[in-house]
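Enquirer: Quick one: the structure is below, and I'll ask about it shortly.
Each reported figure results from applying straightforward, stated rules to the coordinates on display, with no laboratory input. Because the structure is predicted, anything quoted here is derived from the model rather than measured. Cβ sites come from the backbone with ideal geometry, for glycine too, and all protein chains shown count toward neighbours.
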Amino acid sequence: MTAPAPSLSAVVILRIGADHRVSGWAKTPRAARDWALVLSPYQEIPDLAEFEPDAVIPREGGKWDVLHDILTERPELLTLAPRVWLPDDDIEAEAATVARFLAIAAAQDLALAQPALTPDSEFSHYITVRNPLTRLRRTNFVELMAPLLSPQTLVASLPDMKGRPAAKGLDFVWQDHVDRPARRIAIVDAAAMAHRRPIGAHLVGRAMAAGQDVNAERDDWIARRIGRWPRPVALGPGGRPGAFALAVLGLLATPRVWRRRWAVRIAKHLRAQLLSPAFPPRR
């Protein structure tokens, strides 16, 4: 790996394929960024010469099983910066947005975080869509798409990544590894990024082609973690009623989020703001 800058904000490890959709952020010149970029291609990358990575680690396989292997084999990657960002290769953002995301995470001492998604993004959980009224929201849920983790949180999560290409369910439990989770887990609305590829189709399709059963991963987690699945909740100022009000106002302020096919997800999110515990007792 190229000698890192004296003070890095993060190490970014990007599993990347030939049909990636990363925009300008990943091609930021090395001299213009304060984060290290590790590319891990799982296919030939036609535009590889346009990147300035600090390291290239080619490896076939899924996202999470290979990340487990890389971080186990190269533990020094966990010592270079206070955070590690693991985005999918279809996260679209400008370099300034990534810099703002990492700066907010540092200022807030976040141990587990993700950028909010732009309103035109494909999403699984409505709480991950940008709320235009807040800079960030504390949460009990950071999904697998673009998580930022402290090295301590990531190391504690490694056993649950081993041999699991899609790591189905990991995003429901890795908050257990965060000290003071009510303060150190957040969705950062001030650094929203786009995700327009259909949810899950790319990774699941590659896993199936390789003969891997991602549904078996999910079923295994359900069997082992029964009763521990939190309802994803994002909280803002004003306590639970305030969080509900912010969610409703954010929905009204961003009408294109309100789409019929997502109505059930949004309704579950709003209900959770009032009724679901943010952090159930650990077992």
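Enquirer: How much mean residue ellipticity at 222 nm does the chain get from its helices, if each DSSP H run of length 4 or more adds -39500 (n - 2.57) and you divide by all residues, to the nearest 500 deg cm²/dmol?
Expert: Theoretical 222 nm ellipticity from helices: -8500 deg cm²/dmol.
Enquirer: With no solvent and one equal point scatterer placed on each C-alpha of the chain, evaluate the Debye formula and give log10 I(q)/I(0) for q = 0.08, 0.13 Å⁻¹, two decimals.
Expert: Scattering profile of the chain, log10 relative to I(0): -0.31, -0.87.
Enquirer: If each of A245 and L133 carries a label point 7 Å out from its Cα toward its Cβ, how far apart are those two points in nm?
Expert: Distance between the two pseudo-spin positions: 0.8 nm.
Enquirer: Taking 0.36 nm per residue of separation and subtracting the Cα-Cα distance, what length does fully extending R271 through T72 add?
Expert: 67.6 nm
Enquirer: Cα-based count: Lys pairs in the chain below 29 Å, eight or more positions apart or different chains?
Expert: So the count works out to 5.
Enquirer: Apply the Karplus parameterisation 6.51 cos²θ - 1.76 cosθ + 1.60, with θ equal to phi minus 60°, to every residue of the stretch 160-169 and state each ³J(HN,Hα) to the nearest whole Hz, in sequence, with x for glycine and proline.
Expert: These are the phi-based 3J(HN,Hα) values: 7, 9, 4, x, 10, x, 9, 6, 4, x Hz.
Enquirer: A further question follows. So for the pair R260, A107, with labels modelled 7 Å out along Cα→Cβ, what separation do we get in nm?
Expert: It works out to 4.2 nm between the two label points.
Enquirer: Just to be sure I understand the model, the point goes 7 Å from the Cα along the line to the Cβ. What's the resulting D176 to I199 distance in nm?
Expert: Output for this residue pair reads 2.3 nm.
Enquirer: Using the Cα atoms of the stretch 1-154 to build a convex hull, what is its mean projected area in square nanometres?
Expert: 9.0
Enquirer: Follow-up. Using only Cα atoms, find the angle between the long axis of helix 263-275 and the longest principal axis of the chain, and express it within 0 to 90 degrees, rounded to the nearest 10.
Expert: Result, in degrees: 70.
Enquirer: Quick check: the angle from helix 239-253's long axis to the longest principal axis of the chain, C-alpha only, nearest 10 degrees?
Expert: 70
Enquirer: Another one. Before anything else, pin down the relative contact order of the stretch 10-275: Cα pairs under 8 Å, at least 6 apart, normalised by residue count, whole percent.
Expert: Value for the stretch 10-275: 21 percent.
Enquirer: Would you order F172, F101 from fewest to most other beta-carbon atoms within 10 Å of each residue's own beta-carbon?
Expert: Placing the least packed residue first, the sequence is F172, F101.
Enquirer: Can you sort H195, H20 so the residue with the fewest Cβ neighbours within 10 Å comes first?
Expert: H20, H195
Enquirer: If you don't mind, there's one more thing I want to ask. On a full-extension model of 0.36 nm per residue, what is the gain between A253 and D19, subtracting their alpha-carbon distance, rounded to one decimal in nm?
Expert: 80.9 nm is the gain from fully extending A253 to D19.
Enquirer: Rounded to the nearest 0.05, what FRET efficiency do R30 and E122 give with R0 = 41 Å and r taken as the Cβ-Cβ distance? Could you check?
Expert: Given R0 = 41 Å and the Cβ-Cβ separation, E is 0.85.
Enquirer: Further question: Give the Rg (one decimal place) followed by the Dmax (whole number) of the stretch 31-110, computed from C-alpha coordinates and expressed in Å.
Expert: For the stretch 31-110, the Cα-based Rg and Dmax read 13.5, 38 Å.
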